[in-house]
Amino acid sequence: MHIHRNEPLALFNTLRLNAKAAAFTAITSAQQLQAAWRWSQEQALPILPLGEGSNIVLAGDVEALMLKMELQGVHLLKSNDHQVELRVQAGENWHAFVDWSLQQGYCGLENLALIPGTVGAAPVQNIGAYGVEIAEYLRRVHVLELHSGVARTLQAHECAFGYRDSIFKAELRDRVVITAIDLVLNRHACPRVEYPALVEYFAGQEAGRIRARDVFDAVVRIRQSKLPDPAVTPNAGSFFKNPVVSPSAADALQQQHPALPVYAQPDGSCKLSAAWMIEFCGWKGRQTDGVAVHKDHALVLVNAGSDSGKALLDLAQAIAADVASQFDIALQIEPRVYGAR
Ligand code: FAD
Ligand code: EPU
């Protein structure tokens, strides 16, 4: 195991922000993870797990041992005529795994195609898109506990999954490294095409003829038509969560703004479109201090040449202040911010 000191992180985050990690190493085996944990104990440096850096904002240097999670491998745990259970190591690329699972004839994850990042980060914010969340397919999450250095397994029902939320953002925040996840996938396709953009995409097609691979292709095309590719335009996806409010609060807002998209949630609450509110406030496409609101999607902030995350956070604050004064809604930043003073 080689530990790098003062490692520059610009190439390890999709916003391409400049900051340094006090210490940095790649983890490709369980033994390396144990050795890194012991080293962090000796040095009294906290551990910070990193995947592909597609959901972090670096606002300053990080006083931690950053572990770039590169554990690889997919194993079949169980199989019957209807389902398979798979163990997937944390460092696998999420999209490549989804593509592979469909090639094997395992269905369920097609709506989550093209989400950047690693398998290990997926449970952290319960990745979701186009009407599906990973929680629906997760059985277990395997972790290394950072206070004890001991491996532990959490059952899915212990993970407190919610919209862009889990125990890994709450009680277990900064307390575990996720090493692998177990998923149950279906052998028979059951395409989920209720999300408005998918309804539009498949308009006129007989539902029974839509295959899981068709949904995967549709999601890839829809995403490519509106979300900037981080390899070309540095970004971290949605910068804010969609606000969730009571039905009466949603009604009151829709009376004033009939075009505001409101999505009823299974628990009776209502999700509002943050993108719509940000666009309404006139921010879409605006650029300031080397950072900008993307021209095709108002929820995505892009780094257009800034070195530090401070300009992005200033922009986010200005947008949130406008939305608060216009709609009385407090937007919450979605990616994890590090190094802010
Ligand atoms: P990182 O950014 O490296 O880490 C994110 C957080 O998870 C950090 O706090 C980190 O410490 C923690 N973490 C990472 N790995 C581990 C681990 N092994 N153990 C413990 N903690 C860990 N998200 C969605 O849900 N839906 C979308 O549709 C979506 N679209 C996106 C589109 C674009 C263009 C971009 C850039 C991002 C998008 N995202 C989306 C956000 C992002 O893809 C997900 O949050 C993804 O899971 C992040 O993976 P990562 O490996 O890059 O995590
Ligand atoms: N809209 C606007 N202006 C815009 C963009 C969108 O008004 O610039 C409105 C439109 O009415 C559109 C609606 O917002 O129909 C919803 O847009 P979209 O389908 O793009 O979804 P979103 O709510 O903006 C969420 C997730 C995305 C995820 C998509 C698809 C959050 C914070 N974001 O975006 O996740 O891919 O749904 O399910 O929940 C991410 O987390 O990084 C991310 C990209």
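The values are calculated or read from the model by the stated rules, or taken from the named source; none is laboratory data. Just so you know, these numbers come straight off a predicted model, no measurement behind them. Cβ: placed from backbone, ideal geometry, glycine included. Neighbour counts: every protein chain shown. Ligands, DNA and RNA are excluded from the accessible area calculation, which covers all protein heavy atoms including side chains. Shrake-Rupley method; radii C 1.70, N 1.55, O 1.52, S 1.80 Å.
Checked against (1) in contact (Cβ under 8 Å) with a residue 60 or more places away in the chain; (2) more than 15 Å from ligand 1 (Cβ to nearest atom), GLN287 passes all but a single condition, namely (1).
Taking the range 1-89 as the region of interest, the strands (runs of 3 or more DSSP E) fully inside it that hold 2 or more residues being free of Cβ contacts under 8 Å to residues at least 60 places away in the same chain are 4-8, 20-27, 62-69, 74-79. Of the strands (runs of 3 or more DSSP E) lying entirely inside the range 201-278, those carrying at least 2 residues that are of a type in the set (A, V, I, L, M) are 262-264. Of the residues in the range 178-197, at least one is part of a helix (DSSP H, G or I), within 16 Å of ligand 1 (Cβ to nearest atom) and either within 30 Å of VAL300 (Cβ to Cβ) or out of contact with any Ser or Thr (no Cβ under 7 Å at 6 or more places or on another chain) (or both). Please work out which residue is farthest from ARG223 (Cα to Cα), limiting yourself to the range 140-150 and to residues that are surrounded by 16 or more Cβ atoms within 10 Å (Cβ to Cβ) and not β-branched (Val, Ile, Thr). Result: LEU146. In the range 110-118 there is no residue that is over 19 Å from LYS68 (Cα atoms), over 16 Å from the mean Cα position of the chain (by Cα) and surrounded by fewer than 21 Cβ atoms within 10 Å (Cβ to Cβ). Among the residues of the range 304-341, those identified as farther than 28 Å from ALA250 by Cβ and open to solvent by less than 10 Å² (accessible area, probe 1.4 Å) are GLY309, LEU312.
Considering every residue within the range 178-189, establish whether at least one is assigned by TED's automatic domain parsing to the domain that holds TYR106 and open to solvent by 70 Å² or more (accessible area, probe 1.4 Å). Yes, the range 178-189 contains at least one residue that is assigned by TED's automatic domain parsing to the domain that holds TYR106 and open to solvent by 70 Å² or more (accessible area, probe 1.4 Å).
Filtering LEU272, LEU260 for residues that are in contact (Cβ under 8 Å) with a residue 12 or more places away in the chain, away from ligand 1 (no atom under 16 Å from the Cβ) and surrounded by 19 or more Cβ atoms within 10 Å (Cβ to Cβ) leaves a single hit, LEU272. Given the criterion farther than 23 Å from GLN31 by Cα and either within 13 Å of ligand 1 (Cβ to nearest atom) or not assigned by TED's automatic domain parsing to the domain that holds SER40 (or both), identify the matching residue among VAL119, VAL150, VAL98. Sole residue among the options that is farther than 23 Å from GLN31 by Cα and either within 13 Å of ligand 1 (Cβ to nearest atom) or not assigned by TED's automatic domain parsing to the domain that holds SER40 (or both): VAL98. Close Cβ contacts (under 8 Å, 6 or more residues apart or on different chains) running from residues in the range 138-158 that are part of a helix (DSSP H, G or I) to residues that are of a type in the set (D, E, K, R) comprise ALA156/ARG139; ALA156/ARG140. When residues in the range 99-137 are screened for being within 16 Å of ligand 2 (Cβ to nearest atom), among the small types (Gly, Ala, Ser) and not in a loop (DSSP other than H, G, I, E, B), 3 of them pass.
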